[in-house]
Amino acid sequence: MPPAGWPPLIGLAGPNAAGKGEVARYLQENGYAYHSLSDVVREEALRRGLTTGRGDLVQTGNDLRRREGPGALVIRLAPRLVPPAVVDSIRNPGEVEALRRLPGFFLLAVDAPSEIRFRRTRERGRQGDATTLEEFRRSEQRENSARGDELRIAATLRLADGVVMNDATLATLRQRVDGVLVRAAPAADPPAP
């Protein structure tokens with residue numbers, strides 16, 4: 001079971017390699033079931049015969065939002081959500097809007113300086129990741145479209161209920177998550193009248 005007062009449904013948003021996966025693992029260790037909007041996109045990409053490389057996933061996610069609305073990924077995932085749960089990879093304000101319709105939702109943004117995040121992507125070695133810092137930054141600019149049905153990571157982060165900076169150790173990150181979620185308790189679990 002999660003610590004007392006933590007929100008029953010936590011969403012994670014942040015730029016590439018900010019540490020959302022580490023935060024998700026920590027929440028899982030504290031009793032949260034894990035779900036990812038990226039998994040919804042991967043399922044659809046594979047159904048369409050595409051790869052699971054970053055380019056095909058971005059294109060597939062944008063197409064789903066364009067065809068089915070900005071909250072399409074959340075709508076597909078919602079039947080699987082049983083609190084306490086964490087939803088990873090929120091990248092569009094429409095997804096936040098759809099999740100806010102669910103009781104007890106709290107959006108946690110995870111961020112880190114671009115140089116640190118680029119180093120992490122190089123260490124991960126995932127297919128489709130940028131190979132230079134300049135390419136990494138250009139890719140991030142493309143992921144902050146003004147179109148409502150595309151990736152809008154910066155706009156999504158501005159909707160966060162709490163923010164943690166992941167620029168130190170894993171222990172520090174966990175302490176920062178604890179601090180934000182403890183402060184979230186009154187908003188996520190209002191006292192009875």
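Here are the numbers for the structure shown:
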{"quantity": "Kirkwood hydrodynamic radius (C-alpha pairs) into Stokes-Einstein, the chain, 37 °C and 0.692 mPa s, D in µm²/s", "calculated": "193"}
{"quantity": "Degrees separating the helix 133-142 axis from the principal Cα axis of the chain, which is the longest one", "calculated": "70"}
{"quantity": "Kirkwood hydrodynamic radius (C-alpha pairs) into Stokes-Einstein, region 1-89, 25 °C and 0.890 mPa s, D in µm²/s", "calculated": "177"}
{"quantity": "Long-range HN-HN contacts of Gly11 with modeled amide H, under 5 Å", "calculated": "Val87, Phe106, Leu107, Leu108"}
{"quantity": "Theoretical ellipticity at 222 nm over the chain - DSSP helices of four or more residues, -39500 (n - 2.57) apiece, nearest 500", "calculated": "-14500 deg cm²/dmol"}
{"quantity": "Value of relative contact order over region 27-105, rounded to a whole percent, pairs C-alpha under 8 Å and six or more apart", "calculated": "40"}
{"quantity": "Under-5 Å amide H pairs with Ala33, H placed in peptide plane, nonlocal only", "calculated": "Ala85, Val86"}
{"quantity": "Rounded to 10°, Cα long-axis angle of helix 54-68 versus longest principal axis of the chain", "calculated": "70"}
{"quantity": "Principal-axis tilt of helix 37-47 within the chain, Cα atoms, nearest 10 degrees", "calculated": "40"}
{"quantity": "Mean separation of Cα contacts under 8 Å (6+ apart) over length of the chain, as relative contact order %", "calculated": "33"}
{"quantity": "Cα principal axis extents for region 78-125, largest first, Å", "calculated": "37, 19, 15"}
{"quantity": "Ordering of 48-56, 15-23 by packing [mean C-beta count within 10 Å, highest first]", "calculated": "15-23, 48-56"}
{"quantity": "Highest to lowest packing among 113-123, 165-175, scored as the average C-beta count within 10 Å", "calculated": "113-123, 165-175"}
{"quantity": "When region 29-69 is reduced to its Cα atoms, the Kirkwood hydrodynamic radius in Å", "calculated": "11.0"}
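Values quoted throughout were computed directly from the atomic coordinates according to the rules given, and no laboratory measurement underlies them. All values reported here derive from a predicted model rather than from experimental measurement. Because the Cβ atoms are built from the backbone with ideal geometry, glycine has one as well, and the counts that use them run over all protein chains shown.
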